[in-house]
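A short write-up of the structure that comes next.
Read-outs throughout are calculated quantities, based only on the coordinates presented, and are distinct from any laboratory measurement. Everything numeric in this text was worked out from a predicted model, so none of it was measured. Every residue, glycine among them, receives a Cβ derived from its backbone with ideal geometry; neighbour counts consider all protein chains shown.
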Amino acid sequence: MASARRRSRSVQRSDAATGLDQRPRRRQVAQTTKKPSLVRRLHRPDYQIILWVGLLMLLGLIVMYAIGPQRANVLNATHHTTYYTDTYFAFKQTLSLGLAAVAFVGLSALPFAWLQARAGMIMTVGFGLCALLFVMGNLLHVEAVAQCSLGACRWFNIGPLGSFQPSELLKFGMLLYIALFIGARARQGVLDDYQQTVIPVVLMTLAALFFVVVLQKDMGTGLALSAIIASMLVMSGMNKRILATMLLGGVVLIGIMIAIAPHRVERVMTFLQGDDHVAIGDDSYHIRNAKIALGSGGLFGLGIGNSIQATGYLPEAINDSVFAIIGETFGFVGAVAVLVLFVLLLVRLLKIAERLPDMTMRLVVVGVFGWLGSHVMLNVASMIGVFPLTGITLPLLSFGGTSMVFIAGALGLVFQLSRYAAYQPIDEKESSHHEITSSRRWIGRARYASRRRH
Amino acid sequence: MQRHLTTKRARFLAAVALGLMAVFVVRLAYMQIIRHDYYVSQADSEQIKQFVLHAQRGEIYALDGSTPTKLVMNETVYTVWADPMVVTEVDKVVEVMNRVAGGNVRDNFRQYLTRQGSRYQVIANKVSRKQAELIKKEKLAGIGFDAVTQRVYPEGQLASQVLGFVDASGVGRYGFEQANDKVLRGTDGVLKTVTDVRSVPLTIGNKNIKQPARNGTNMVLTIDRNVQAKVEQALRDGARRTGATHVSAVVMNPQNGRVMAMANLPTYDPSQLAKVTDVSSLNNNTITNPYEPGSDIKTFTVATGIDKGVITPQSTYNNTDKIKVDDITIGNASKGQTGNITMQHALNWSLNTGMVTVAQRLGNGRYITRQARDTMYEYFHDRFRLGQLTGIELAGEAKGNIISPTQQQGNAVRYSNMSFGQGMDVTMLQVSAGFSAMINGGTYYAPTVIAGTIDGKGTFSRAAAKTKYTNIIKPQSSDTVREMVHQARTAFYAGNDTPGFYIGGKTGTSQTIENGKYIYSQTVGTYLGFGGEVGKIPAYVIMVEVSGKGMALQGGQDALPIFTDISNWMINYLQLQPKG
């Protein structure tokens, strides 16, 4: 691993030398000075990202507003206060969205090269914080710092700011670092090399999974992390046989993970036995009520303010279960609309990725695709009862917190990278063949060129 | 192979994402459209809760003169329950409940706070409003209150056997509470409503149904609390005087059949039900306990003879102190009044031979023929309604038994005995009601304890008159009998009566039957009489009975003084005017 980091550092240096850290102006062509590389066109970013992200966030805010009174009522009754007002959650969500917007704008402006140079550091900090959390929570039991439940410590308490989940930072660091690593290996032509590429990636992944799944007992984040890395590996163009081998290994690993942890066995049993599950566990209650929320919503839903499941029946109504509340409030139409928005965003991410000339950039965008996609899939799948509960949030819609800020930041980064995208899918071989000509014509049509024909 | 690899891989990822999304959409369509009704019913069974809106049980009033006054009131107490799924602070709940309502909690109630799979566990009963407020102030999660009404008795144990009581499940037991349970109870309402997880009703949706409770009716008894109190006092005094263990009395208005007082000793305190050891003390013996009335019935025999015209007060017969009926010989308790004596004389001295003579004269003059027996049965059973349920609005009324001449048992010997009150089973209320008809001009008023109702605003509506039967005997027959009964009293016992009033009465001393045989060492003393202004229909009829295990209690010596005590008080209470 240490050698991998050293190798990657050299890659970073060479990338830093390309002058990417200079703030490029619109439609300016950044010339490569050293070794001839891809021509980088800079142009307007892809505003569709903002459109879909904005719509999803707005929808989340509407839901917070809609069920705010119910949630406030439940919490006030539980804690015997009048602290929570009807608009408390909508207000807090607005603040979270503000924070998310800052993260989005920040990462869309922060030069990618600067970020690349610190990818290793970010990942290291992510690992470090996860280790610190384990020490504080599981070993020293400092409840003031580490938030634990049932022996799983996943959050740091950060006073008035709420809580921070270090595995989110780890996810982000892993995404950046592995994109960089695979990008470099691909450029060196050793993408399919077990020694140089496959095994280091697998080891890094296992290290991260050890912290997340074994120490934090967070299968959901583990699956998301796996999905991020798997998406990047698939997109990298790695040999199918290697990918299949890793998939097989992953499945076996997941099987072992489930088998050794009783709470996961319970979740799987809950899932498999469905409504007939005898034990009145929290999970089966959770899933049953999520299904009731969705099913009773019907085609058009009960309407804003009419959610009954949010009055305390459905656990985590504004966080993990927000999709079920959307289904109850806005019905099939609303639930499908949310899925469609996510699909539009995800497909957009792939579209950007396939048109990015640089492998690292491409992998970063696909990593974000894997991140967003896995969160959406895992969350929705558990709500509709086709996958066990993993306790993962629905990105951009769930109430506040670390995950919102990080996913917004990641999307901000994609937004930045979208400025480099060509208007037509890039073929690695062809473009590298033409790169010496420094011609833009082979990369793709000028914007709107195709429309002019109509 | 390498050409368009990126596009291929991107399409592969897109296909995975889109494929999963398609599965989700299909699944959503299945759940939200096809299985919508199923999930709605699931939601309803979880979210809709049904609450019982308890009807307030009707209160019971007595009369204070003519004004209703509360005899049985409701007090709201609370049943405290826990929802184990919501309760979190078990220790705090235990501490608060023990501190505030330690006397009302269930034994070892901590276990109910954590009972799995239950949403409702009672942890304390009969918590007062004040205690409930103190508990509510602690804001314990998962603790709820059900208001329950409990009966309270501002007059203590007054008329307890008339009232009966309400058991723990809210059902009327004994007496008025049992007999009028439906009317008093009212109809519980129902609130079906969508609630939040803590069962707090929500106004969401259109599935909320409210059917308000209809409170029970407030009833006013004909029992006059003053008369009742006096009678109970008189019984206690009488019991002390005579040593009788069981004493009973009925006071009714002969002009309308309304019962003004009904009392028995021993009795019980309805607010101290747990302390009742002798269940028979819950019974109102004046209606539940038929007995052989004895000589009081001689008034009925005389009334029958007079109404039939076979005797007058001055009719004579030859008294030999014994008379033969078939194979038995009947004697008199008081001997020596032999010779040709009048019927008035026979009544005054309570001579059995005189009554058998009347029965014989109802026949062919020498024998109690079938015709005589039919006549007696007609008067006793059909007209004076002895051996029939009076229909009094109280639980546990017994019918008694008058054997009809159509039965083999209803022979001449039987009817000779019946002429002086043996061989028949009747209740004190039956005798009092029949006697009232006898002396009021011949109208039988079905006895009642219901004076009317009081609505929510406190307006007293009088009950409709109950059934009456006119011409039980001819008015002049009634006048004649009334005078004879008056004479019977004044002949021996009138010394203690308030002067200037018209009082009449007849003693009775009946042997009791043990193991099918009359025993003389254990007798029941009774007194049946009336009182009122001179020249008017009497204002009250009083019947008294005293008895005790192994005690020979006499009508004249033991029951009569109690009658006199009550009678003199009644004259005063009813403000009757003496003959100037």
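For A:Leu299 and B:Thr203, what is the calculated FRET efficiency with R₀ set at 35 Å and r taken between the beta-carbons, to the nearest 0.05?
0.90
Arrange the following residues from fewest to most other Cβ atoms within 10 Å of their Cβ: B:Tyr379, B:Tyr39.
With the sparsest Cβ surroundings first, the list reads B:Tyr39, B:Tyr379.
Below 15 angstrom from the Cβ of B:Gly164, what's the summed charge of the other residues (Lys, Arg +1; Asp, Glu -1)?
Spelling it out: positives minus negatives among the neighbours equals -3.
Quick one: net charge of A:Val405's neighbours, Cβ under 15 Å, K/R +1, D/E -1?
+1
Any chance you could list P(r) for region B:212-323, counting all Cα-Cα pairs in 5 angstrom bins from zero, rounded to whole %?
For region B:212-323, the binned pair fractions read 2, 8, 11, 15, 17, 11, 10, 11, 6, 3, 3, 1, 0, 0, 0 percent.
Just grab the label-to-label distance for B:Gln337 and B:Leu5, each label 7 Å out from Cα along the Cβ direction, in nm (one decimal).
13.8
Rounding to the nearest 20 debye, state how big the charge dipole of chain B is about its Cα centre with +1 on each Lys and Arg Cβ and -1 on each Asp and Glu Cβ.
2180
Give the residue from B:Asn289, B:Asn253, A:Met359 lying farthest towards the positive end of the charge dipole for the protein assembly as shown; charges sit on Cβ (+1 for Lys and Arg, -1 for Asp and Glu) and the dipole is referred to the Cα centre.
Most positive-ward Cα: A:Met359.
Between region A:48-106 and region A:174-214, how many Å separate their Cα centres?
The two parts, judged by their Cα centres, are 37 Å apart.
Looking at the protein assembly as shown, which Cys residues are left with no other cysteine's beta carbon under 4.7 Å from theirs?
Singleton cysteines: A:Cys130.
Looking at B:Thr195, A:Gly106, B:Gly423, which one has the Cα that reaches farthest to the positive end of the dipole of the protein assembly as shown (charges on Cβ: Lys, Arg +1; Asp, Glu -1)?
Among B:Thr195, A:Gly106, B:Gly423, the one farthest towards the positive end of the dipole of the protein assembly as shown is A:Gly106.
I'd like the Karplus ³J(HN,Hα) series for region A:134-145: coefficients 6.51, -1.76, 1.60, θ = phi - 60°, whole numbers in Hz, and an x wherever there's a Gly or Pro.
5, 5, 5, x, 7, 9, 9, 6, 8, 5, 5, 9
When the Cα centres of region B:458-507 and region B:212-249 are compared, how far apart do they sit, in Å?
First find each Cα centre; the distance between them is then 21 Å.
Indicate the helices, whole DSSP H runs only, in chain B that combine a mean Kyte-Doolittle hydropathy of 0.0 or more with a Cα extent along their long axis of 30 angstrom or more.
B:5-29
Within 13 Å, Cβ to Cβ, of A:Leu248, how many net charges do the neighbouring residues add up to if Lys/Arg are +1 and Asp/Glu are -1?
Result for the local shell: +2.
Distance from a point 7 Å along Cα→Cβ of B:Lys130 to each backbone N in region B:64-100: keep the residues under 15 Å and list them by number.
B:76-78, B:100
Which of B:Lys70, B:Lys126 comes first, and how do the rest follow, when ranked by fewest Cβ neighbours within 10 Å?
B:Lys126, B:Lys70
Cα gyration tensor of the protein assembly as shown, axes a ≥ b ≥ c as square roots of the eigenvalues: rounded (a/c below 1.5), prolate (a/b > b/c) or oblate?
The shape class here is prolate.
Compute the distance in nm between two label points, each set 7 Å from the Cα along the Cα-to-Cβ direction, one at B:Ala22 and one at B:Ser521.
10.7
Note down the nm distance, to one decimal, between modelled labels 7 Å out along Cα→Cβ at B:Ala274 and at B:Ile48.
4.2
First measure r as the distance between the Cβ atoms of B:Asn364 and B:Thr467, then evaluate 1/(1 + (r/R0)^6) with R0 = 45 Å and state the FRET efficiency to the nearest 0.05.
0.80
Just to be sure I understand: of the beta bridges DSSP finds with both ends in the protein assembly as shown, what percent are antiparallel, rounded to 5?
Beta bridges within the protein assembly as shown, antiparallel portion: roughly 95 percent.
How much of the pair distance distribution for region B:1-76 lies past 18 Å, counting alpha-carbon pairs only, in percent?
In whole percent, the share of Cα-Cα pairs in region B:1-76 beyond 18 Å is 74.
Lys/Arg Cβ at +1, Asp/Glu Cβ at -1, dipole of region A:292-369 taken about the Cα centre: which of A:Gly295, A:Ala317, A:Ala337 is farthest positive-ward?
A:Ala337
What size of dipole, in debye to the nearest 20, comes out for the protein assembly as shown about its Cα centre when the only charges are +1 on Lys and Arg C-beta atoms and -1 on Asp and Glu C-beta atoms?
5840
With r as the distance between the Cβ atoms of A:Val190 and A:Ser149 and R0 = 41 Å, compute the FRET efficiency 1/(1 + (r/R0)^6) and round to 0.05.
Computed FRET efficiency for A:Ser149 and A:Val190: 0.40.
Placing one identical point scatterer on every Cα of region B:302-429 and ignoring solvent, what is log10 I(q)/I(0) from the Debye formula at q = 0.09, 0.11, 0.20 Å⁻¹?
Once normalised to I(0) and log-transformed, intensities are -0.26, -0.38, -1.12.
Note the per residue figure in Å³ for the convex hull of the C-alpha positions in region A:126-206.
So the per-residue Cα hull volume is 90 Å³.
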